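Okay, structure first, notes after.
The values are calculated or read from the model by the stated rules, or taken from the named source; none is laboratory data. Not measured: the values here are computed from a predicted model. We place every Cβ from the backbone using ideal geometry, glycine too, and count neighbours over all the protein chains shown.
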Amino acid sequence: MRGIGILLLCWPLAAATADEALTEVMRMLAAVKSLQAEFREEKTLAMLQQPLVTTGWLYYQAPAYLRKQTVQPQPEDYVADGEWLTVDTPDGGRRDFNLNGYPQLRPFVEAIRATQAGDRATLERYYRLEFQGTPAHWTLRLTPLDPTAAGYVAAIVMRGQNDRILSVETLESDGDRSLMTIESH
């Protein structure tokens, strides 16, 4: 019984420590004003026998510009700039979406963009945050608050070190998943 009492006394301290570590990680990420990185994304889909692998570049410019430029196996371009998302694919051509008019898209854009910007308030608007680790080695799990978004994505799990996001794992509600690893330059 005594062990449970000590555990209950320490629990608020552990929560405060995780919150302080998350605050520090957000501060470090916010200090990164621009970023160029290579990515490799592996999508595991139930309908495919083998994972689909894509590679390309990520670009970030504070506070609200994020570009994911897929190079292989076919070129695709996704640019989130302020309130706009531009999608350019070989099949669909170029399409522009005002994120205010597409509330189902915004949480997915903000998962990476707001994390890289160190914008905790925006993340908390769309996700329940679960932080583990220390600023040196951390994991941030984002669970959608909106039931519609949760119908598509069960969680997004980011892993990083200090001011760098090293990977983004998207766990879809249907069991499919993707893992994007990021190599900063």
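Some points to look at:
- Criterion: in contact with a helix residue (DSSP H, G or I) (Cβ under 6 Å, 6 or more places away or on another chain) and of a type outside the set (A, V, I, L, M) - qualifying residue of PRO147, PRO135: PRO135
- All positions within region 36-61 that are at pLDDT below 95 and among the hydrophobic types (A, V, I, L, M, F, W, C): LEU45, ALA46, MET47, LEU48, LEU52
- Region 135-160, residues that are surrounded by fewer than 14 Cβ atoms within 10 Å (Cβ to Cβ) and under 21 Å from THR181 (Cα atoms): ALA136, HIS137
- Residue in region 97-119 that is more than 20 Å from VAL79 (Cα to Cα) and out of contact with any Pro (no Cβ under 8 Å at 6 or more places or on another chain) present: no
- Filtered residues of region 136-185 (kept if closer than 19 Å to THR44 by Cβ, touching a residue at least 60 places away in the same chain (Cβ under 8 Å) and not hydrophobic (A, V, I, L, M, F, W, C)): ASP174, GLY175, ASP176, ARG177, SER178, THR181
- Every residue from region 86-136 that is in contact with a Lys or Arg (Cβ under 9 Å, 6 or more places away or on another chain), of a type in the set (A, V, I, L, M) and closer than 21 Å to TYR60 by Cα: VAL87, LEU99, ILE112, ALA114
- Against the conditions (1) farther than 14 Å from GLY160 by Cβ; (2) in contact with an Asp or Glu (Cβ under 8 Å, 6 or more places away or on another chain); (3) not β-branched (Val, Ile, Thr), GLY92 satisfies every one except (2).
- Per the conditions (1) over 20 Å from the mean Cα position of the chain (by Cα); (2) closer than 19 Å to GLU38 by Cβ; (3) surrounded by 12 or more Cβ atoms within 10 Å (Cβ to Cβ), the sole criterion not satisfied by GLN72 is (3).
- Filter pass, ARG120 being of a type outside the set (Phe, Trp, Tyr), closer than 25 Å to GLU24 by Cα and in contact with a Leu (Cβ under 6 Å, 6 or more places away or on another chain): no
- Restricting the first member to region 90-112 and to residues that are in contact (Cβ under 8 Å) with a residue 60 or more places away in the chain and more than 16 Å from GLY151 (Cα to Cα), and the second to residues that are aromatic (Phe, Trp, Tyr) and part of a strand (DSSP E or B), no beta-carbon pair is closer than 6 Å while six or more apart or on different chains.
- Selection count, region 31-81, where residues are part of a loop (DSSP other than H, G, I, E, B), free of Cβ contacts under 8 Å to residues at least 40 places away in the same chain and closer than 28 Å to SER173 by Cβ: 7
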